[in-house]
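**Q** Please find one structure pasted underneath; my questions will follow.
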There are 2 protein chains.
Amino acid sequence: MSMRNVAIVGVGITRFGVREASWKDLVLEAGKSLFDDVPNLDKKDIDSLFVGAAQPERWIYQTHVAPLVAELLGIEVKRVIARTESACASGQLAIRYAWLSIATGLSDVALVVGVEKMNSKFLNISQSSMINVGNREFDGANGFTAPPFFAMVAQRHMHLYGTTEEQMAMVRVKNQEYGSQNPYAQFQKKVTVEQVLNSRMVAPPLKLFDCSAITDGAVALLLTSEERAREFTDTPVWILGGVQHVDAAHTTNQMGELADWVALRKAAKDLYDMLKITPDDIDIAEVHDCFTISEIIEYEELGFCKKGEGGKFIEEGESYIGGKVAVNPGGGLLANGHPLGATGTRQAWEIVMQFRGEVPKGRYVDGAELAIAHNLSGMAQLHHIMAYSVNKPRDIKFGR
Amino acid sequence: MSMRNVAIVGVGITRFGVREASWKDLVLEAGKSLFDDVPNLDKKDIDSLFVGAAQPERWIYQTHVAPLVAELLGIEVKRVIARTESACASGQLAIRYAWLSIATGLSDVALVVGVEKMNSKFLNISQSSMINVGNREFDGANGFTAPPFFAMVAQRHMHLYGTTEEQMAMVRVKNQEYGSQNPYAQFQKKVTVEQVLNSRMVAPPLKLFDCSAITDGAVALLLTSEERAREFTDTPVWILGGVQHVDAAHTTNQMGELADWVALRKAAKDLYDMLKITPDDIDIAEVHDCFTISEIIEYEELGFCKKGEGGKFIEEGESYIGGKVAVNPGGGLLANGHPLGATGTRQAWEIVMQFRGEVPKGRYVDGAELAIAHNLSGMAQLHHIMAYSVNKPRDIKFGR
């Protein structure tokens, strides 16, 4: 198929964390940051708007959020407007939809906003509402939220492959090393393996520092076609492709081996085949480290190392900048926090900043040309990957 | 732009109404209905899934609904999966995304499911949750849900153009005339103008029968490209195009004249220009008659009659089958009920059934070739239109 090439040509971000700001404040802050980043942008140029948001219906008692963002940022949408949701991956979904809409020519210049306001001064609904992400009547009714699920995953991985708590802790150490150089991250202090191991137990073997946080934050991205990209930036970041895969929806049913993320392996293979690349070609991997064990399994399923060797991979420093592949050089979900709808867009923000060379030296991946961003949603049964490059896409055939 | 042609090649539906069925039951019922409709379909053919759902987070305490549908219907998604939301138009958004994804070649065969379970035996949350659709802190906090808003719209239209309560009632009479011949509709009895006028007052001048209902229901659609359409059906229904327009997000801000739906007028002009058609070319118009006054204003803004003459248009029978254009020949939202996420997909179902000639004679639009489906979401500031035809798209240029 012949499609238009699509690039990210502008970015905006808020500080992530437990913010005093309201949901609307976060949208305004990310929007202003984007408009500051793209001085040539006239709001009238924007014809489409895609909002990634997981469940504002629960956290801020508001649905129909896409037109609300349009109003807040003063945008008259003329072609396509949508809010996309897939829990923890809602932000990446908004990018994917914008990409396809521009690729067809229906949209020309699209704004993508990923946003979530999870913390509330008045209501203790942040965690309790996470029960809605699983199959509520089965997993949810049994209290099976993310921490106990990923704890079971970690136990299985330790049992099958000898992965250690120390190796998991090393993931957090790496991601805080980079997060300490990211002024937008929720957590900006370095940590040691001992600090992770000694942090409060959440669900054995996962300690507090093995877990990502409940976070408020927003990211805005500007996307357009090749024809117009240079109007807005000298350093467009091209979208090469993206796939998703789900093969078992909920844990109570057919997921099978918990430490074996088949859907991710299939998604990665499909993406690599589509783009005619191998894992060796990837310079930067933004992956969904909602828990330290997740990043270890993602090394394996994305093909950066053999199955079962993810623990060794971090231990040998292969996922640091300068190793085999730079994984989460912005600090990942662990350092940045995980405002569900914003996370996928924050990964794209990081990749753009890396390709532009606008990150501190200590976390800069010099010479990077190809990056992927991975999200999982729910109980690791649904995986979402997109690929970005400083180089324009070669002729890519999507069909099988 | 060169895009692949995309068709609806299969349909499934549930009975709409206050159903004993759970949300999951509705999905299964619509899915079975679809699989029965397309005997040649192997579930393995389906590579993508798009779910339109407005706020299951409030009505069934469940988010992350797209993978739940995948599990319920036994589908391994390999390419694209998303839940789309734009309140009352959530279903149409799912169709639009599927269309674009197939058009690019990323998806090949896509399932679209629009679903909403709004009635609950245990919780009185159906109406109270509708407050989330508006700008909750402003419109919502003032109790400004749909009925009072559309009542004000009706008052303005009566004041400016002399529209009468009788004319509004005639919209319901027409839609029940057709709804009485639709075995899936929530309300299947004919009504008279007097019955509408004498029904309980809700918000002056709107009586109970001027309002659509709180409804449970689901619809499933199968979409594929021109290359594969004939594998599944002899009567593909082609998607010609679609646009959306929002120019003022919430009523408390800049909407301006309530009886003047500028965003719809702009969307219709854009669509007609894109497809090189005029309102005269349209045989069937499925429009968003959430209230009787809405359908009257939609006649005007879609260009079927002059501004202000919508009341006269229904009075003279021009929106009946055999009139200028057949509007809501399946009974519209008024007869079918309005399960938010399912409504947009139910309109597509109606158009497919019409083009196939599979509806009862008394509501069949003989010889129809071109249809549009219109939704509004929120307080009439955001409009969504798609166009369908029995004929393949001519060369359509989306760019401006």
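**Q** Can you give the Rg to Rh ratio of segment B:58-197, both from alpha-carbon atoms, with Rh computed by the Kirkwood formula? Let's see the in-between values first.
**A** On the way: Rg = 19.8 Å, Rh = 18.8 Å.
My calculation puts Rg/Rh at 1.05.
**Q** I want to verify a result. In a Gaussian network model of chain B, Cα cutoff 10 Å, which of these has the top mean-square fluctuation: B:P205, B:P39, B:P67?
**A** Sorting by GNM fluctuation, first place goes to B:P39.
**Q** Shifting gears a bit: Hull surface divided by four, with the convex hull built on the Cα atoms of chain B: how many nm²? Each step should come with its number before you reach the end.
**A** On the way: hull surface 70.0 nm².
For the Cα atoms of chain B, the hull's average projected area reads 17.5 nm².
**Q** Taking the DSSP beta bridges in chain A as the whole, what percent of them are antiparallel, to the nearest 5? Could you put the intermediate results ahead of the total?
**A** Values: 37 of 52 bridges.
Here the antiparallel bridges make up roughly 70 percent for chain A.
**Q** Here is a follow-up. Say we join alpha carbon atoms closer than 10 Å with springs in a Gaussian network model of chain B; which of B:A110, B:A380, B:A21 then has the biggest fluctuation?
**A** Looking only at B:A110, B:A380, B:A21, the largest GNM fluctuation is found for B:A21.
**Q** With contacts defined as alpha carbon pairs under 8 Å and 6 or more residues apart, what's the relative contact order of segment B:1-159 in percent? Don't skip to the answer; put the middle values down first.
**A** Details: 222 pairs, mean separation 38.6, N = 159.
It comes to 24 percent, rounded to a whole number.
**Q** Something else: How large is the convex hull of the Cα atoms of segment B:325-400 per residue, expressed in Å³ as a whole number?
**A** Numbers: hull volume 9.5 nm³, N = 76.
Measuring per residue, one finds 125 Å³ for the Cα hull of segment B:325-400.
**Q** Would you mind putting B:192-200, A:40-48, A:27-35 in packing order, based on average other-beta-carbon counts within 10 Å, highest first? Before the final figure, lay out each step's value.
**A** On the way: B:192-200: 14.4, A:40-48: 17.3, A:27-35: 20.6.
The peptides rank, most packed first, as A:27-35, A:40-48, B:192-200.
**Q** Listed highest first by mean packing, meaning other Cβ atoms within 10 Å per residue, what order do B:233-244, A:290-301, B:360-371 come in? Each step should come with its number before you reach the end.
**A** Details: B:233-244: 21.6, A:290-301: 27.2, B:360-371: 15.6.
Descending mean neighbour count gives A:290-301, B:233-244, B:360-371.
**Q** Compute the label-point distances linking A:F122 to its equivalents in the other copies; points lie 7 Å from Cα along Cα→Cβ; give nm, one decimal, shortest first.
**A** 2.6
**Q** If you don't mind, another one. Counting only residues 5 or more places away or on other chains, whose amide H sits under 5 Å from the amide H of A:Y184 once H atoms are built in the peptide plane?
**A** Amide H neighbours of A:Y184: none.
**Q** Which of A:V153, A:T192, A:Q181 sits closest to the plus end of the dipole of segment A:137-193, meaning its Cα is farthest towards the positive end, when Lys and Arg get +1 and Asp and Glu get -1 on the C-beta?
**A** Sorting the options by dipole projection puts first A:Q181.
**Q** Related question: Run through the DSSP bridge list for the protein assembly as shown and note the antiparallel percent, rounded to the nearest 5.
**A** Numbers: 79 of 109 bridges.
Just about 70 percent of them are antiparallel.
**Q** Working out 0.36 nm times the residue gap between A:E358 and A:N142, then minus their Cα-Cα distance, what length gain in nm do you get to one decimal? Let's see the in-between values first.
**A** Details: separation 216, 0.36 × 216 = 77.76 nm, distance 4.55 nm.
Result: 73.2 nm gained on full extension.
**Q** Normalise the Cα radius of gyration of segment B:241-389 by 2.2 N^0.38 Å (N = residues in it) and let me know the number.
**A** After normalising by residue count via 2.2 N^0.38 Å, the value is 0.98.
**Q** Where the convex hull is taken over the Cα atoms of segment B:115-191, what is its projected area averaged over directions, in nm²?
**A** Values: hull surface 29.7 nm².
Convex hull of Cα atoms, orientation-averaged projection: 7.4 nm².
**Q** Also, I was wondering about something else. Given the -39500 (n - 2.57) contribution per DSSP H run of 4+ residues, what per-residue ellipticity at 222 nm results for chain A, rounded to the nearest 500 deg cm²/dmol?
**A** Numbers: 13 runs with 139 residues, N = 400.
Mean residue ellipticity, 222 nm, calculated: -10500 deg cm²/dmol.
**Q** Which of A:A348, A:A53, A:A267 moves the most in a Gaussian network model of chain A with Cα springs under 10 Å?
**A** A:A267
**Q** Could you give each residue of segment B:87-102 its phi-based ³J(HN,Hα) in whole Hz, using Karplus coefficients 6.51, -1.76, 1.60 with θ = phi - 60°, and x for Gly or Pro?
**A** Ordered by residue, 3J(HN,Hα) equals 6, 5, 10, 4, x, 4, 4, 5, 5, 4, 5, 4, 4, 5, 5, 6 Hz.
**Q** How large is ³J(HN,Hα), in whole Hz, for each residue of segment B:285-301 in order, when computed from phi with the Karplus curve 6.51 cos²θ - 1.76 cosθ + 1.60 and θ = phi - 60°, using x for Gly and Pro?
**A** Those phi angles translate into 10, 8, 10, 7, 8, 4, 9, 4, 4, 4, 4, 4, 5, 5, 3, 6, 6 Hz.
**Q** Sequence-distant or interchain residues sharing an amide H contact under 5 Å with B:G241, placed H: which?
**A** B:A387
**Q** For segment B:75-162, which trypsin sites (Lys or Arg not before Pro) are both in a DSSP coil and crowded by at most 14 other Cβ atoms within 10 Å? Each step should come with its number before you reach the end.
**A** Values: sites: B:K78, B:R79, B:R83, B:R96, B:K117, B:K121, B:R136, B:R156; in loops: B:K78, B:R79, B:K117, B:K121, B:R136.
Passing sites in segment B:75-162 are B:K121.
**Q** While we're looking at this one, here's another question. Could you work out the equivalent-ellipsoid semi-axes for the protein assembly as shown, taking the square root of 5 times each eigenvalue of the Cα gyration tensor, largest first, in whole Å? Numbers along the way, then the final one.
**A** Working: eigenvalues 392, 130, 125 Å².
Over the Cα atoms of the protein assembly as shown, the ellipsoid semi-axes are 44, 26, 25 Å.
**Q** Give the long-range amide H neighbours of B:G10: residues separated by 5 or more places, or on another chain, with amide H under 5 Å away, using H modelled in the peptide plane at 1.01 Å from N.
**A** B:L222
**Q** Treat the count of other C-beta atoms within 10 Å as a stand-in for reagent exposure and order A:K324, B:K190 from fewest to most.
**A** On the way: A:K324 18, B:K190 14.
Arranged by neighbour count, lowest to highest, A:K324, B:K190 become B:K190, A:K324.
**Q** If you count, for every residue in B:87-97, the Cβ atoms of partner chains within 10 Å of its Cβ, what is the mean?
**A** Working: counts 6, 1, 3, 4, 0, 0, 7, 1, 0, 6, 8.
For peptide B:87-97, the averaged partner shielding equals 3.
**Q** For segment B:94-113 and segment A:327-389, write down the distance between their C-alpha centroids in whole Å.
**A** What the calculation gives is 27 Å, centre to centre.
**Q** With a sphere of radius 11 Å drawn around the Cβ of A:A259, what net charge do the other residues whose Cβ falls strictly inside it have (Lys, Arg +1; Asp, Glu -1)? Each step should come with its number before you reach the end.
**A** On the way: positive: A:R156, A:K307; negative: A:E257, A:D260, A:E300, A:E301.
Within the 11 Å Cβ shell, the charges total -2.
**Q** Could you tell me which of the pairs A:K32/B:K266; B:K32/B:K117; B:K207/B:K361 are separated by over 25 angstrom between their Cα atoms in the structure shown? Present the calculation step by step, with values, prior to reporting the outcome.
**A** Details: A:K32/B:K266 28 Å; B:K32/B:K117 18 Å; B:K207/B:K361 31 Å.
Violating the 25 Å limit, Cα to Cα: A:K32/B:K266; B:K207/B:K361.
**Q** Regarding segment A:57-137, what are the three Cα extents along the principal axes, ordered largest first, in Å?
**A** Result for segment A:57-137: principal-axis Cα extents of 43, 28, 16 Å.
**Q** For segment A:345-357, just list the computed ³J(HN,Hα) in residue order, Karplus coefficients 6.51, -1.76 and 1.60, θ = phi - 60°, integers in Hz, with x standing in for Gly and Pro.
**A** Working through the residues one at a time gives 6, 5, 4, 5, 4, 4, 5, 4, 5, 5, 5, 6, x Hz.
**Q** Can you tell which of A:N336, A:Q381, A:G367 lies farthest toward the positive end of the dipole of segment A:334-400, using +1 and -1 charges on the Cβ of basic and acidic side chains (Lys, Arg; Asp, Glu)?
**A** A:Q381
Just so you know, all these numbers are worked out from the coordinates, no wet-lab data involved. Everything numeric in this text was worked out from a predicted model, so none of it was measured. Methodologically, a virtual Cβ is constructed for each residue, glycine included, from the backbone with ideal geometry; neighbour enumeration extends over all protein chains shown.
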